[in-house]
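Peer 1: Quick one: this structure, given as structure tokens, is what I'll be asking you about.
The values are calculated or read from the model by the stated rules, or taken from the named source; none is laboratory data. None of these values were measured; they are calculated from a predicted model. Cβ placement follows ideal geometry from the backbone for every residue including glycine, while neighbour counts extend to all protein chains displayed. Quick note on the areas: whole protein, heavy atoms, side chains included, nothing else; ligands and nucleic acids left out. Shrake-Rupley method; radii C 1.70, N 1.55, O 1.52, S 1.80 Å.
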Amino acid sequence: MSEHKCPGCDEYQGLTRRNFVGLATGVAAAALAPAWLPRVVYADSHDGSRDVIVSIFLRGGGDALTLCVPHGEDSYYDLRPTLAVPRPDGGGAGRAIDLDGFFGFPQGMKPLMDAWRDGNLLVVHACGMPNPTRSHFDAMRFMEVGMGDAPPNLQTGWLGRHLQATAPTVADGVLRAVGIGYGLQRTLVGGPLTLPIADLAEFGFDGRRATRKERRQALEEMYGVVGDPLATSAENTFRTVDLLKKIGFKSYKPAGAAAYPDDEFGYALESTAALVKAEVGVEAVAIDLGGWDTHDFQGPVDGHMAYLMESLSGGLAAFHRDLFSDGFEEVVVTTTSEFGRNAAENASAGTDHGHGGLMLVLGGHVAGGRVLAEWPGLADGQLYEGQDLAITIDYRDVLTEILTRRLGNPDFRTVFTDPGYEPQERGVIL
């Protein structure tokens with residue numbers, strides 16, 4: 001898989017080194033398998049009316065004004081004389097792809113046009129968490145916890161609390177959520193039967209193959225006598241290993257001639273597709289895509305950010321084609337980032353920490369093919385604190401509709417506990 005060096009400020013680089021993750025335990029079970037899997041007998045108790053949610057976090061502060069270009073806003077071009085993506089009717093290969101006469105995708109997001117035309121992709125613009133912080137650390141925590149001024153002792157994530165508040169889709173399943181990474185994303189912290197796994201294809205016991213059976217037997221005997229909660233956690237972990245070995249991640253063939261990018265993000269999404277299709281009771285997957293802290297040499301047309309957008313859009317487009325070609329439309333994908341970037345470019349051909357951001361929502365029940373926005377404008381007097389895209393849509397409004405209409409959780413208060421938050425209907429779900 002290819003690698004790409006990520007820029008960013010000192011705070012973001014520090015967070016990247018620490019992976020900014022919480023810790024949790026989790027487990028897995030036996031599966032009903034699609035045609036490319038060994039068929040396993042499993043309980044006939046799967047709730048197919050609920051979507052699987054794939055939560056993607058763009059770490060570093062994704063520039064919303066590049067991810068979806070307001071080409072109908074003259075002030076955008078005044079604020080970014082060298083970084084603005086050219087208008088659709090402009091010259092050059094880097095011009096924007098018009099979406100609705102006002103907004104457009106840069107060329108780096110072009111792979112998502114099929115999902116857009118199919119009505120499965122919604123762009124939510126000028127959205128985010130209404131908190132003034134410009135700290136990566138604080139903003140990520142607020143977004144993942146789901147509270148605009150979360151106290152330090154609130155550690156559970158919004159998606160973890162959702163899993164706490166709802167019954168599993170498979171009654172006797174033992175794996176409800178996976179965070180792809182070496183530590184669990186804070187979004188999922190607190191979720192029952194939730195596990196961080198860096199590589200779904202390689203999850204198991206390290207060491208020599210010749211002694212693997214004996215080492216596992218020793219561990220089973222060791223944990224079998226210690227009592228709960230360790231005994232149950234260990235047993236479920238062993239079942240996780242057995243289950244994932246049955247899913248042929250390495251031999252998986254995407255449907256619809258889908259081609260995932262040859263990078264870590266593409267591999268994570270391809271593995272997620274295999275996991276979703278296996279229907280083992282996994283309800284949520286969290287994936288990170290870092291590198292969005294573009295203070296220097298942002299490169300929206302042919303540089304670093306163009307590369308990031310190609311990875312993001314190529315991965316999502318392949319995931320959409322792969323699942324939908326196989327009839328797996330009970331899935332919803334959300335992308336968030338801790339904040340956007342300054343509306344004006346800086347002296348280093350980049351953009352600094354901002355405020356209003358953007359979400360992408362992809363799924364079979366999404367009211368897509370449009371940009372959802374209460375556009376605040378970029379002219380003098382319209383910018384937040386005189387420098388940023390303002391937030392006019394609370395990102396929790398989007399998630400609340402998904403929770404209540406697609407994830408089987410009728411009470412958003414079990415997830416978004418901030419007493420000052422009242423959701424507004426946004427028409428995200430069909």
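Peer 1: Within the stretch 202-214, how many residues turn out to be among the small types (Gly, Ala, Ser), surrounded by 11 or more Cβ atoms within 10 Å (Cβ to Cβ) and over 32 Å from the mean Cα position of the chain (by Cα)? Break it down into steps so the answer makes sense when it comes.
Peer 2: Within the stretch 202-214, the subset among the small types (Gly, Ala, Ser) is 204, 207, 210.
Now drop any that are not surrounded by 11 or more Cβ atoms within 10 Å (Cβ to Cβ), which leaves 204.
Remaining after also requiring over 32 Å from the mean Cα position of the chain (by Cα): none.
The total comes to 0.
A quick yes/no check of all residues on (1) touching a residue at least 40 places away in the same chain (Cβ under 8 Å); (2) small (Gly, Ala, Ser); (3) surrounded by fewer than 16 Cβ atoms within 10 Å (Cβ to Cβ):
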{"residue": "Arg216", "(1), (2), (3)": "no, no, yes"}
{"residue": "Glu220", "(1), (2), (3)": "no, no, yes"}
{"residue": "Asp228", "(1), (2), (3)": "no, no, yes"}
{"residue": "Thr232", "(1), (2), (3)": "no, no, yes"}
{"residue": "Asn236", "(1), (2), (3)": "yes, no, no"}
{"residue": "Lys245", "(1), (2), (3)": "yes, no, yes"}
{"residue": "Tyr252", "(1), (2), (3)": "yes, no, no"}
{"residue": "Ala258", "(1), (2), (3)": "yes, yes, no"}
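Peer 1: Exactly one of (1) open to solvent by 30 Å² or more (accessible area, probe 1.4 Å); (2) touching a helix residue (DSSP H, G or I) at 6+ places or on another chain (Cβ under 6 Å); (3) within 19 Å of Thr351 (Cα to Cα) is unmet by Phe297. Its number?
Peer 2: Evaluating Phe297 over (1) open to solvent by 30 Å² or more (accessible area, probe 1.4 Å); (2) touching a helix residue (DSSP H, G or I) at 6+ places or on another chain (Cβ under 6 Å); (3) within 19 Å of Thr351 (Cα to Cα) leaves (2) as the failure.
Peer 1: Write out, first by first residue and then by second, each pair whose Cβ atoms fall under 6 Å of each other, whose residues are 6+ apart or on separate chains, and whose first residue, in the stretch 287-310, is under 28 Å from Leu200 (Cα atoms) while the second is among the basic types (Lys, Arg).
Peer 2: Asp288/Arg59; Gly290/Arg59
Peer 1: Restricting the search to the stretch 343-357, which residues are open to solvent by less than 20 Å² (accessible area, probe 1.4 Å) and either among the acidic types (Asp, Glu) or not in a loop (DSSP other than H, G, I, E, B) (or both)?
Peer 2: Within the stretch 343-357, just Gly357 meets the criteria.
Peer 1: Of the conditions (1) under 22 Å from Ile287 (Cα atoms); (2) in contact (Cβ under 8 Å) with a residue 60 or more places away in the chain; (3) open to solvent by 20 Å² or more (accessible area, probe 1.4 Å), Pro376 clears all except one; give me its number.
Peer 2: (1)
Peer 1: Among the residues that make up the stretch 358-366, is at least one of them more than 17 Å from Val52 (Cα to Cα) and either open to solvent by less than 40 Å² (accessible area, probe 1.4 Å) or part of a loop (DSSP other than H, G, I, E, B) (or both)? Steps first, answer last, please.
Peer 2: Residues of the stretch 358-366 that are more than 17 Å from Val52 (Cα to Cα), as a first pass: 358-359.
Still in the running and either open to solvent by less than 40 Å² (accessible area, probe 1.4 Å) or part of a loop (DSSP other than H, G, I, E, B) (or both): 358-359.
Checking the stretch 358-366: at least one residue is more than 17 Å from Val52 (Cα to Cα) and either open to solvent by less than 40 Å² (accessible area, probe 1.4 Å) or part of a loop (DSSP other than H, G, I, E, B) (or both).
Peer 1: Using the structure shown, decide if Ala126 is within 19 Å of the chain's Cα centre (by Cα) and either farther than 23 Å from Val428 by Cβ or open to solvent by less than 50 Å² (accessible area, probe 1.4 Å) (or both).
Peer 2: Details: within 19 Å of the chain's Cα centre (by Cα): yes; either farther than 23 Å from Val428 by Cβ or open to solvent by less than 50 Å² (accessible area, probe 1.4 Å) (or both): yes.
It is true that Ala126 is within 19 Å of the chain's Cα centre (by Cα) and either farther than 23 Å from Val428 by Cβ or open to solvent by less than 50 Å² (accessible area, probe 1.4 Å) (or both).
Peer 1: With respect to Val371, determine if the residue is under 18 Å from the mean Cα position of the chain (by Cα) and either in contact (Cβ under 8 Å) with a residue 60 or more places away in the chain or part of a helix (DSSP H, G or I) (or both).
Peer 2: Numbers: under 18 Å from the mean Cα position of the chain (by Cα): no; either in contact (Cβ under 8 Å) with a residue 60 or more places away in the chain or part of a helix (DSSP H, G or I) (or both): yes.
No; evaluated as a whole, the condition is false for this residue.
Peer 1: Is it fair to say Asp380 is more than 25 Å from Asp149 (Cβ to Cβ) and of a type in the set (Asp, Glu)? It would help to see each step written out before you state the result.
Peer 2: On the way: more than 25 Å from Asp149 (Cβ to Cβ): yes; of a type in the set (Asp, Glu): yes.
Here the answer is yes, as Asp380 does meet what is asked.
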